[in-house]
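The values are calculated or read from the model by the stated rules, or taken from the named source; none is laboratory data. Just so we're clear, the structure is a prediction, and the values are computed from it rather than from any experiment. Positions of Cβ are generated from backbone atoms using ideal geometry, with glycine treated the same way; all protein chains shown enter the neighbour counts.
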Amino acid sequence: MALVPMAIMLILFSFLIYKAIPSMRYTGFSFFTSYLWYPGNVYANPISFHGVMAPYRSSFGLLSFFVGTLITTGFAILIAFPVSIFLSLTINLYTPDRLKRPFSVLVELFAGIPSVVYGLWGVIVLEPVLLHNIMPWMKYVGFQGQIISGAGIMAAGLILSIMIIPIVTAVISESMHSQPRELKEGVYALGGTKWEVGKHVLLGNTRKQIVGGTLLGTGRALGETMAVLMVSGSIVNVLPTSIFSLTNTMSAQIAAALDSAFIDGTGMNLSALVELGLVLVLISLIVNLAGRAIVGRGALRGFEND
């Protein structure tokens with residue numbers, strides 16, 4: 001049974017690599033340097049290139065989706081990180097004991113809301129507010145760029161931040177709660193305030209857990225699909241130029257283009273999407289491995305092993 005997860009991972013990687021080989025042969029390294037994604041004319045006679053068949057004039061490049069993924073994820077972490085820190089400090093220092101557990105459960109419940117519900121709220125509520133109330137005001141404080149709609153980098157980043165805050169907060173808050181009570185009481189006995197306890201004991205002793213929780217949230221943001229698809233604008237062949245720009249991510253593009261990919265009789269469109277998914281899996285794997293290397297075993301549970 002212990003070998004089952006490893007076997008599943010090997011099967012998954014083998015499938016992705018096998019299905020992505022035609023795209024690798026067709027696009028080569030330009031897959032990583034080009035931002036043009038065009039399915040080609042699937043009704044014209046296909047062309048042969050490097051021993052594989054592809055639709056006429058088709059082109060596949062992930063650069064715009066890669067940039068969109070990094071920007072929206074970074075925007076989400078920039079918001080979620082401080083909010084999660086202050087939420088964790090509030091739960092552990094300023095919330096009455098009888099309310100700590102209900103408050104923690106309430107925060108964690110947000111992680112169970114389906115992503116499509118977040119996306120629906122983003123389309124109906126968030127985008128109009130951004131378009132009519134927030135973005136015009138940002139123009140007056142120095143932000144440049146053309147405002148096209150409420151969708152785009154800001155909407156996607158805000159939705160992602162709301163979705164990952166419960167995950168990051170749960171890890172950080174539990175790590176703070178696991179700190180020895182004697183350390184907190186010692187600071188109080190020396191005349192320390194609650195903020196000093198939070199700064200020197202809770203934050204000082206949970207740095208690795210904070211990094212681990214943040215990386216866990218980053219992994220969730222990298223792979224989020226439906227909510228981002230609904231609020232990002234789903235634009236292709238355009239690199240973002242400002243915070244107001246429409247964008248797209250790797251996971252959202254896979255979901256958006258999957259149905260039409262099956263129309264392509266050569267299978268190249270599907271192979272390109274699989275290669276896009278393979279890159280996304282590798283990025284997520286790197287993030288998780290980096291988190292394990294930085295945090296160490298057991299740090300996410302509030303302790304460390306040698």
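All told, ALA156 falls short of being in a loop (DSSP other than H, G, I, E, B), under 15 Å from LEU246 (Cα atoms) and in contact (Cβ under 8 Å) with a residue 24 or more places away in the chain. All of ILE243, ILE263 fail the test of being surrounded by fewer than 20 Cβ atoms within 10 Å (Cβ to Cβ), within 30 Å of SER88 (Cβ to Cβ), among the aliphatic types (A, V, I, L, M) and at pLDDT below 95, apart from ILE243. The requirement of being surrounded by fewer than 16 Cβ atoms within 10 Å (Cβ to Cβ) and small (Gly, Ala, Ser) is satisfied by SER48.
In segment 1-45, the residue that is surrounded by the most Cβ atoms within 10 Å (Cβ to Cβ) out of those that are within 19 Å of LEU280 (Cα to Cα) and small (Gly, Ala, Ser) is SER23. Scanning segment 173-229 for residues that are assigned to a loop (DSSP other than H, G, I, E, B) and under 28 Å from ILE162 (Cβ atoms) returns SER178, GLN179, THR206, GLU224, THR225.
Without any contact (Cβ under 8 Å) to a residue 60 or more places away in the chain and in a helix (DSSP H, G or I): does that describe ILE11? Criteria met by ILE11. Taking (1) under 21 Å from the mean Cα position of the chain (by Cα); (2) touching a residue at least 60 places away in the same chain (Cβ under 8 Å) in turn, LEU93 satisfies each apart from (1). For segment 51-82, a residue qualifies if it is crowded, with 20+ Cβ neighbours inside 10 Å, in a helix (DSSP H, G or I) and out of contact with any Gly (no Cβ under 9 Å at 6 or more places or on another chain), and the qualifying residues are SER64, PHE65, GLY68, THR69.
When you check TYR18 against the structure, is it over 23 Å from the mean Cα position of the chain (by Cα), under 15 Å from ASN248 (Cα atoms) and aromatic (Phe, Trp, Tyr), yes or no? No: the conditions fail for TYR18. On the stretch given as segment 28-50, residues that are among the small types (Gly, Ala, Ser) and in contact with a Gly (Cβ under 7 Å, 6 or more places away or on another chain) total 2.
Quick one: would you say VAL129 is more than 17 Å from ILE165 (Cα to Cα), in a helix (DSSP H, G or I) and touching a residue at least 40 places away in the same chain (Cβ under 8 Å)? No, not satisfied. Taking (1) assigned to a helix (DSSP H, G or I); (2) modelled with pLDDT under 90 in turn, ALA257 satisfies each apart from (2).
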